[in-house]
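S.K.: One structure follows; several queries about it will come next.
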Amino acid sequence: MAIVAILLLPVVTMLLYGMDRTEDWLARGPKPPRHARARHLRLIHGGRRQTAAAVDQGETEAA
(Lines give C-alpha, C1' and ligand atoms only; values in the text may rest on other atoms or scores of the structure.)
Protein backbone atom coordinates (compact mmCIF):
# COMPACT_ATOMS: atom_id res chain seq x y z
CA MET A 1 0.00 0.00 0.00
CA ALA A 2 2.81 2.43 0.87
CA ILE A 3 4.57 1.60 -2.40
CA VAL A 4 1.46 2.56 -4.40
CA ALA A 5 1.16 5.83 -2.48
CA ILE A 6 4.82 6.66 -3.12
CA LEU A 7 4.46 5.88 -6.82
CA LEU A 8 1.31 8.03 -7.13
CA LEU A 9 2.84 11.02 -5.33
CA PRO A 10 4.58 12.49 -8.43
CA VAL A 11 1.40 12.05 -10.48
CA VAL A 12 -0.71 13.87 -7.90
CA THR A 13 1.94 16.61 -7.62
CA MET A 14 1.91 17.22 -11.37
CA LEU A 15 -1.90 17.16 -11.42
CA LEU A 16 -2.11 19.78 -8.66
CA TYR A 17 0.51 21.96 -10.37
CA GLY A 18 -1.29 21.72 -13.71
CA MET A 19 -4.65 22.57 -12.17
CA ASP A 20 -3.13 25.56 -10.37
CA ARG A 21 -1.64 26.90 -13.62
CA THR A 22 -4.94 26.31 -15.45
CA GLU A 23 -6.92 28.11 -12.75
CA ASP A 24 -4.55 31.10 -12.87
CA TRP A 25 -4.79 31.16 -16.67
CA LEU A 26 -8.61 31.17 -16.58
CA ALA A 27 -8.86 33.73 -13.77
CA ARG A 28 -6.61 36.43 -15.24
CA GLY A 29 -8.15 39.18 -17.31
CA PRO A 30 -7.61 39.78 -20.99
CA LYS A 31 -4.39 41.37 -22.15
CA PRO A 32 -4.52 45.08 -22.96
CA PRO A 33 -5.05 45.68 -26.67
CA ARG A 34 -2.09 46.48 -28.85
CA HIS A 35 -2.47 49.93 -30.30
CA ALA A 36 -2.15 50.60 -33.98
CA ARG A 37 0.68 52.75 -35.21
CA ALA A 38 -0.12 56.46 -35.45
CA ARG A 39 0.24 56.57 -39.21
CA HIS A 40 -2.49 53.93 -39.61
CA LEU A 41 -4.92 55.47 -37.15
CA ARG A 42 -7.49 57.90 -38.54
CA LEU A 43 -9.82 59.18 -35.84
CA ILE A 44 -11.11 62.27 -37.65
CA HIS A 45 -12.96 61.66 -40.88
CA GLY A 46 -11.06 63.46 -43.61
CA GLY A 47 -8.34 64.58 -41.22
CA ARG A 48 -5.55 64.35 -43.81
CA ARG A 49 -7.40 66.17 -46.60
CA GLN A 50 -5.86 69.30 -48.03
CA THR A 51 -7.39 71.80 -50.40
CA ALA A 52 -6.00 72.06 -53.91
CA ALA A 53 -4.86 75.64 -53.27
CA ALA A 54 -2.99 74.65 -50.09
CA VAL A 55 -1.17 71.84 -51.90
CA ASP A 56 -0.13 74.18 -54.73
CA GLN A 57 1.15 76.80 -52.27
CA GLY A 58 2.81 74.25 -49.98
CA GLU A 59 0.53 75.06 -47.02
CA THR A 60 -1.33 72.61 -44.82
CA GLU A 61 -4.50 72.98 -42.80
CA ALA A 62 -4.04 73.64 -39.07
CA ALA A 63 -5.65 71.14 -36.71
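S.K.: If I filter segment 18-56 down to residues being assigned to a helix (DSSP H, G or I) and at pLDDT below 75, which single residue comes out as surrounded by the most Cβ atoms within 10 Å (Cβ to Cβ)?
M.R.: Of everything passing the filter in segment 18-56, ALA54 is surrounded by the most Cβ atoms within 10 Å (Cβ to Cβ).
S.K.: Now for a different question. Picking from LEU8, LEU15, which residue would you name as being over 35 Å from the mean Cα position of the chain (by Cα), surrounded by 10 or more Cβ atoms within 10 Å (Cβ to Cβ), outside any loop (DSSP other than H, G, I, E, B) and at pLDDT 60 or above?
M.R.: LEU8
The values are calculated or read from the model by the stated rules, or taken from the named source; none is laboratory data. Remember, it's a predicted structure, so these values are computed and weren't measured experimentally. Cβ atoms come from the backbone with ideal geometry, glycine included; neighbour counts cover every protein chain shown.
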